[in-house]
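Read-outs: derived from the displayed coordinates by stated rules, not from any lab. If you're wondering where the values come from, they're calculated on a predicted model, not measured in any experiment. Heads up, the Cβs are rebuilt from the backbone with ideal geometry, glycines too, and the neighbour counts pull from every protein chain shown.
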Amino acid sequence: MAEPALDVRSAPGWLRAVAWGVVALSLGAVGLVVALVPWDNPGLLISSTVPSLVGVALGVALLRAEIRLAWSDEGLEMAFRPLWRAHLAPEAIIEVGEVERIRPTSYGGVGLRRAPGQRMGLLFDAGPGIRVVASDGMAYEVRVDEPQSLLAELARRAPGLPVTRP
């Protein structure tokens with residue numbers, strides 16, 4: 001039986017409100033296009049509807065957004081669901097440690113963010129987190145509420161993993 005996830009953070013309320021707004025505006029735009037564009041021109045109808053449907057898909061993805069950390073025998077899984085997931089095998093992890101404060105301004109915003117210098121952040125807000133350094137040089141910073149207990153649990157599940165604690 002698989003062990004439960006180490007940490008799961010759902011999208012905060014403000015992001016869900018934005019997502020609902022995107023869905024509502026996109027559906028309204030689809031309704032306007034269907035009502036106003038002549039049905040005898042299917043190319044125009046389709047090309048006018050597709051961008052709004054993409055907006056609906058984006059809004060639904062934001063509604064379902066969550067940051068997830070999990071450990072299995074295959075290694076560490078980091079995910080910004082439903083859009084991105086990465087697996088790091090235990091031998092590909094150089095270091096796992098605590099970060100005192102991860103700031104959205106360091107990454108240019110919230111969510112799944114890539115920053116210059118082989119850095120990637122998974123965060124919805126500012127606060128403590130963990131840093132995972134991979135053998136390819138990529139450093140992942142993931143915002144978690146209790147990094148020390150997460151690191152202790154990770155060390156328990158994977159005794160050979162290079163976990164550093166302050």
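The length gained on full extension between Val18 and Ser72, counted as 0.36 nm times the residue separation minus their Cα-Cα distance, comes to 16.1 nm. Most mobile of Val60, Val144, Val96 per a Gaussian network model of the chain (Cα springs, under 10 Å)? Looking only at Val60, Val144, Val96, the biggest GNM fluctuation is shown by Val60. Rounded to whole numbers, the Karplus 3J(HN,Hα) couplings from phi for region 66-71 are 7, 9, 9, 10, 9, 10 Hz, using 6.51 cos²θ - 1.76 cosθ + 1.60 with θ = phi - 60°, and x at Gly and Pro. Measure nothing fancy, just the Cα-based angle from helix 42-63's long axis to the longest principal axis of the chain, in degrees from 0 to 90, nearest 10. The angle comes out at about 30 degrees.
Here the calculated FRET efficiency for Ser106 and Arg157, from their Cβ-Cβ distance with R0 = 35 Å, stands at 0.75, rounded to the nearest 0.05. Given a cut-off of under 8 Å on Cα pairs at least six residues apart, what relative contact order in percent is computed for the chain? Reported as a whole number, the value is 19 percent. Projecting the Cα atoms of Val110, Val33, Val144 onto the charge dipole of the chain, computed from C-beta unit charges around the Cα centre, puts Val33 farthest toward the positive end. Ranked by how many other Cβ atoms sit within 10 Å of their own Cβ, fewest first, the residues Trp71, Trp20 fall in the order Trp20, Trp71.
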